[in-house]
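Engineer: Take a look at this one; I'll ask things after.
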Amino acid sequence: MLTNKSAESAAEADKVIATGSSVQAVRDTVENYIASILLNVRNPFEVNDLIRIDNFEGNVASLNSRATILISPDGNHIRIPNATVFKAIITNFTRNPERRFQFDVGMDTAQDLLAAQTLALETLQAMPGVLAEPRPLALIEALGDSNVLLRVFAWVDQRSHNFGKVRSEAIRKVTKSATTNGSSASNTRRSTMTTIKPRVLILGGNFAGLGCAQEIRKYAKDTVDITVIDQKNYLLFIPNIPTEIFEDHDPEQSLKMDLPGTLAKDNVAFIQGKVISLNPDTKQVSFVPSERPGSALQQITYDYLVVALGCRLAYDCIEGFDEYGDTVSDFYHANKLHKKLRDSYQGGPIVVGSARFHQGNGAEGLEPYPGGKIPYAEAACEGPPVEVSLSLANWLEKHDKGGPQNITITTPAEMIAEDAGEEIVKQLLEIASGMGFNYVNKTGDVTRLTATGIEFENGQVLDAEIKILFPDWRAHDFLRDLPITDNEGFVVTDLYMRNPKYPQVFAAGDCAAATVPKLGSIGHQQCEIVGRQIARDMGLLAAHDADKLLQPVVLCIGDMGSSKAFYIRSNSWYGGDTQILEMGRVPHMLKMQYKQLFFATGGKVPNWGVNAAEFFAEKVAV
């Protein structure tokens with residue numbers, strides 16, 4: 001029997017439980033409502049579309065403020081909360097009227113394989129409902145001890161023909177023709193087969209390399225074997241290094257991702273090695289395994305090559321940097337700078353700037369937007385200098401060591417962060433000037449660092465107790481003077497990220513000539529393009545689905561300290577019409593959430609995350 005006190009306690013517990021349940025119910029309602037808005041904006045499906053949401057498949061009956069309703073093929077109604085739909089992988093079978101099917105036919109090893117392929121194609125081409133373009137394919141997929149697996153692909157226009165009926169008839173007719181031609185058409189014994197697939201070799205395993213591996217697997221599925229080579233066995237999450245040190249944290253403890261384990265989840269092989277040379281004519285790459293010193297040179301061949309190695313940061317080309325310079329581009333240098341600021345900084349002037357970027361000519365003639373171009377940049381990427389200056393000023397104020405007035409921001413260009421667009425830069429400079437920052441432009445290259453200052457190509461000398469620099473980004477030495485690279489060693493591509501002379505060679509990320517500035521968001525766009533292109537070659541995507549041109553967008557979120565950040569989305573530098581700058585707590589939240597989502601998903605940040613970031617950063621003011 002409960003005492004009065006016990007009864008009161010139980011009643012309070014019930015209130016807490018009820019309150020918690022109410023809060024969760026409200027949260028679910030809000031999440032579903034916001035998801036319904038974003039789904040309507042993105043419009044991934046319409047009423048009556050046949051779609052698959054994770055493991056649920058059916059025709060869309062309705063989309064309301066709380067849920068999406070599907071009618072399954074057997075007539076059942078499936079109600080899925082919109083928040084779940086928004087986060088899910090959605091396959092829309094109706095959106096593209098052209099849909100591909102495939103099936104396998106087992107043949108005797110004694111069969112004339114070329115004749116069997118020809119007969120299968122002739123059978124498909126003569127069938128009503130099978131499209132002439134994209135063309136049907138018949139590929140030798142695998143070889144066993146006593147049989148061969150022929151994999152057949154063809155496309156159907158769902159507007160005029162029933163997909164299931166055409167596929168069924170194709171299987172019947174191709175199987176019959178194969179049997180008539182002498183093939184056993186028997187069940188294949190997969191356990192004895194050795195799969196023969198095109199080999200995709202990816203050089204580099206940081207953002208662009210990992211992203212390309214995942215996008216190729218996503219779009220090309222299991223039609224290719226993928227191998228990644230990188231000299232380190234972890235991914236370095238570079239964008240958040242300044243945030244970590246100016247929050248007085250060690251970035252090495254939170255910004256590493258295991259690379260072999262992450263790749264293995266997508267059945268991608270990993271080799272830890274340093275690439276030494278590349279021959280695009282023989283399709284061979286030479287490398288030295290880097291797990292332990294002293295390894296012998298090794299070779300590996302490929303059918304498709306993706307160069308995603310990033311760049312060489314040329315700090316060694318800045319005289320005096322080894323003794324007097326600082327930066328935040330890796331864990332060692334970031335921790336070294338933090339220790340210097342914390343233990344020995346005397347409150348003197350600080351210069352934050354960039355060396356001049358030596359851009360190659362490999363992007364000349366590219367037109368990503370009508371009438372636009374990929375311009376020449378004076379600095380490789382100037383989001384980091386702006387971010388470091390703002391967050392460092394906040395750190396100085398918190399630790400009573402100074403503030404914006406201690407910091408001079410420099411640029412070799414006419415204006416800093418020129419790729420963000422003139423209107424955005426004008427706003428940034430007005431804000432920075434009002435805060436007390438000093439600003440020097442058109443310095444040219446950095447020529448020398450000394451104990452007391454920094455010297456520039458234009459003859460100017462600035463006093464500086466601390467010199468924080470971002471270097472010239474140069475191509476890796478082995479890429480120079482190759483037939484796939486430009487005059488500075490960056491890989492030449494078209495806007496599909498293919499090399500014009502060697503169409504089996506792709507590039508993504510900072511090593512690509514088309515990546516200007518050297519910005520992660522542009523590399524992210526390129527990874528999806530590479531995945532779609534290789535899937536097209538494998539017959540998995542039609543041309544109108546695969547051929548998505550690179551249209552660079554400068555998307556940058558930079559920490560300002562005190563849980564605030566700036567957000568930039570702009571394409572005006574390339575000929576587009578967008579320039580957006582926002583500042584506040586929402587961009588900072590998005591920056592932190594992106595990092596958490598990246599690690600939680602193994603780098604597979606869903607596309608809806610970008611759309612959500614745009615919505616919250618540009619529409620929600622906090």
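The values are calculated or read from the model by the stated rules, or taken from the named source; none is laboratory data. All of these numbers come straight from a predicted model, not from anything done at the bench. Here the Cβ is made from the backbone with ideal geometry for all residues, glycine too, and neighbour counts use every protein chain on show. We work out accessible area using only protein heavy atoms, side chains counted, and drop any ligands, DNA or RNA first. Shrake-Rupley method; radii C 1.70, N 1.55, O 1.52, S 1.80 Å.
Engineer: Ignoring ligands, DNA and RNA, what percent of the accessible area of the chain is carbon or sulfur (1.4 Å)?
Structural biologist: The nonpolar share, carbon plus sulfur, comes to 50 percent.
Engineer: Looking at the chain, what % of its DSSP beta bridges pair antiparallel, to the nearest 5?
Structural biologist: So the antiparallel bridges amount to about 70 percent of the total.
Engineer: May I pose another question? How would you order 388-394, 167-173, 346-352 from highest to lowest mean count of nearby Cβ atoms within 10 Å?
Structural biologist: Descending packing order for the listed peptides: 388-394, 346-352, 167-173.
Engineer: Tell me, what ³J(HN,Hα) does each residue in the stretch 67-82 have, in order and in whole Hz, if you take phi through Karplus 6.51 cos²θ - 1.76 cosθ + 1.60 with θ = phi - 60° and put x for Gly and Pro?
Structural biologist: Coupling constants for the stretch 67-82: 8, 9, 10, 10, 10, 5, x, 9, x, 7, 8, 10, 9, 10, x, 4 Hz.
Engineer: What is the distance in Å between the Cα centres of the stretch 542-556 and the stretch 205-244?
Structural biologist: 19
Engineer: Report which label in (i) 0.99; (ii) 1.03; (iii) 0.97 holds the value of Rg/Rh (Cα atoms, Kirkwood Rh) derived from the coordinates of this structure.
Structural biologist: Checked against the structure: label (ii).
Engineer: Quick check on the chain: helices-only [θ] at 222 nm, where DSSP H runs of length 4 and up contribute -39,500 (n - 2.57) each and the sum goes over total residues. Nearest 500, please.
Structural biologist: Taken over the chain, the calculation gives -10500 deg cm²/dmol.
Engineer: How far apart, in nm, are the 7 Å Cα→Cβ label points at Asn233 and Glu57?
Structural biologist: 4.0
Engineer: Defining a contact as two alpha carbons under 8 Å apart and six or more residues distant in sequence, what relative contact order in percent does the chain show?
Structural biologist: 12
Engineer: Using a 1.4 angstrom probe, figure out how much accessible area the chain has per residue, in square angstrom, rounded to the nearest whole.
Structural biologist: Value for the chain: 46 Å² per residue.
Engineer: What translational diffusion coefficient, in µm²/s and rounded to a whole number, does the Stokes-Einstein relation yield for the stretch 348-397 at 10 °C and a viscosity of 1.306 mPa s, taking the hydrodynamic radius as the Kirkwood radius over Cα pairs?
Structural biologist: Here the translational diffusion coefficient equals 117 µm²/s.
Engineer: Another question, if that's okay. Please express the shape of the stretch 191-256 as an equivalent ellipsoid: the semi-axes are the square roots of 5 times the eigenvalues of the C-alpha gyration tensor, given largest first in whole angstrom.
Structural biologist: So the equivalent ellipsoid measures 35, 11, 10 Å along its semi-axes.
Engineer: Through the Karplus equation 6.51 cos²θ - 1.76 cosθ + 1.60, θ set to phi - 60°, convert the phi angles of the stretch 538-553 into ³J(HN,Hα) values in whole Hz; use x for Gly and Pro.
Structural biologist: Couplings: 7, x, 9, 10, 6, 4, 6, 8, 7, 7, 9, 5, 5, 10, x, 10 Hz.
Engineer: If the chain between Arg448 and Leu597 were fully stretched, how many nm would it gain, using 0.36 nm times the residue separation less the Cα-Cα distance?
Structural biologist: Taking Arg448 through Leu597 to full extension adds about 49.6 nm, to one decimal.
Engineer: Note the angle between two axes, namely the Cα long axis of helix 331-343 and the longest principal axis of the Cα atoms of the chain, as a number of degrees from 0 to 90, rounded to the nearest 10.
Structural biologist: Helix 331-343 and the main axis of the chain meet at about 20 degrees.
Engineer: Report the normalised scattering of the stretch 241-296 as log10 I(q)/I(0) at q = 0.17, 0.30 Å⁻¹, calculated by the Debye formula with identical scatterers on the alpha carbons.
Structural biologist: Listed by q, the Debye log ratios stand at -0.82, -1.06.
Engineer: Between Ile300 and Asp494, what FRET efficiency follows from the Cβ-Cβ distance if R0 is 30 Å, with the result rounded to 0.05?
Structural biologist: That pair, Ile300 with Asp494, gives E of 0.70.
Engineer: Now, a different point. Using alpha carbons only, how many angstrom separate the centre of the stretch 419-433 from the centre of the stretch 52-121?
Structural biologist: 47
Engineer: Something else now. Amide H to amide H, which residues 5 or more places from Asn361 or on other chains are under 5 Å from it, using H placed in the peptide plane?
Structural biologist: Those qualifying (amide H under 5 Å, at least 5 residues apart or on another chain) are Asn487, Glu488.
Engineer: Would you mind putting 204-217, 566-579 in packing order, based on average other-beta-carbon counts within 10 Å, highest first?
Structural biologist: 204-217, 566-579
Engineer: Another question, if that's okay. Quick check on the stretch 417-496: take the gyration tensor over C-alpha atoms, sort the square-rooted eigenvalues as a ≥ b ≥ c, and tell me if it's rounded (a/c under 1.5), prolate or oblate.
Structural biologist: oblate
Engineer: Of the cross-linked pairs Lys265/Lys591; Lys218/Lys501; Lys340/Lys591; Lys197/Lys591; Lys336/Lys401; Lys283/Lys518, which ones have a Cα-Cα span greater than 29 Å in the structure shown?
Structural biologist: Lys197/Lys591
Engineer: Packing-wise, with mean Cβ within 10 Å as the measure, how do 298-308, 76-86 rank, highest first?
Structural biologist: 298-308, 76-86
Engineer: Taking Cα atoms, how many degrees apart are the long axis of helix 607-619 and the longest axis of the chain, rounded to 10 and kept between 0 and 90?
Structural biologist: 40
Engineer: Angle, helix 163-180 long axis vs. longest principal axis of the chain, Cα atoms, 0 to 90°, nearest 10?
Structural biologist: Its long axis makes an angle of about 60 degrees.
Engineer: Which shape class applies to the stretch 269-417: rounded if a/c is under 1.5, otherwise prolate when a/b exceeds b/c and oblate if not, where a ≥ b ≥ c are the square roots of the Cα gyration tensor eigenvalues?
Structural biologist: oblate
Engineer: Still on this structure: Restricting to Cα pairs below 8 Å that are 6+ residues apart, what does the relative contact order work out to for the stretch 492-568? Please round to a whole percent.
Structural biologist: Value for the stretch 492-568: 23 percent.
Engineer: Taking the DSSP beta bridges in the stretch 371-503 as the whole, what percent of them are antiparallel, to the nearest 5?
Structural biologist: Taking every DSSP beta bridge within the stretch 371-503, about 70 percent pair in antiparallel fashion.
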